[in-house]
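Any read-out appearing in this document is the output of simple, stated calculations on the displayed coordinates, not a laboratory observation. It should be emphasised that the depicted structure is a prediction, and the values quoted were computed from it without experimental measurement. A quick note on method: Cβ atoms are made from the backbone with ideal geometry, for glycine too, and the neighbour counts reach across all protein chains shown.
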Amino acid sequence: MKILVLFYSAYGHIYKMAEAVAEGARQVEGAEVDIKQVPETLPQELRDKLGITEAQKEFAHIPVAKVEDLADYDAIIFGTPTRYGMMASQMKAFLDGTGGLWSKGALVDKIGSVFTSTATQHGGQESTILNFHTVLLHHGMLIAGLPYTFEGQSSMDEITGGSPYGASTIAGDGSRYPSENELEAARYQGRRVALLASKLAK
């Protein structure tokens, strides 16, 4: 049972969530979990100007995925920051290259799941994941979210990300990194996807 956590992260927030997702998935017996990132598409000059180059050094050791890698997994958990209520262009560019997989039905009946981040509480956490689901449905994937059995998403004790659609974090001006509740949501989602994949494999 192979699970891929595939992400794009500019400043590290989604990378930290991806690590937590993978941690949760690895808690399931028999789960073989890989973390990969999609290629960066922003020009180097712009990355330097925005501080992205420096931030991405933290996870430069994570291998960059190839489109054909996706067919090797039983489940794929995608992570992307929000850009105006939708997935980041880097992730979209990668997915736009999956036409060959689509034509073969290579992802049909595999589990797909999504987590995200936004700058604000209402900055598109739900719309980003829901928009992402459209791509997964076109590939025939089975969508897994974050059910209310993860009680942390109903917390009223703190500002927190998380919805029935998937785990999420609020980055603010970039200085806020995932809270423990948000990381636990990511672990829960990863664990749930791995459990579902395990059941499908039987």
Any of K66/K92; K2/K199; K57/K110; K2/K57 with alpha carbons more than 20 Å apart? Name them for me. K57/K110; K2/K57
Under 5 Å from the placed amide H of R176, counting only residues 5+ away or on other chains, we find none
Taking Y15, Y8 and counting other beta carbon atoms within 10 angstrom, the fewest-first order is Y15, Y8
Cβ-Cβ FRET estimate between D48 and L130, R0 fixed at 35 Å, reported to 0.05: 0.55
Within the chain, which whole H helices from DSSP have a Cα span along their axis of at least 18 Å and a mean Kyte-Doolittle hydropathy of -0.5 or more, if any? 13-25, 125-138, 180-201
Ranking M141, M17 by Cβ neighbours within 10 Å, fewest first, what do you get? M141, M17
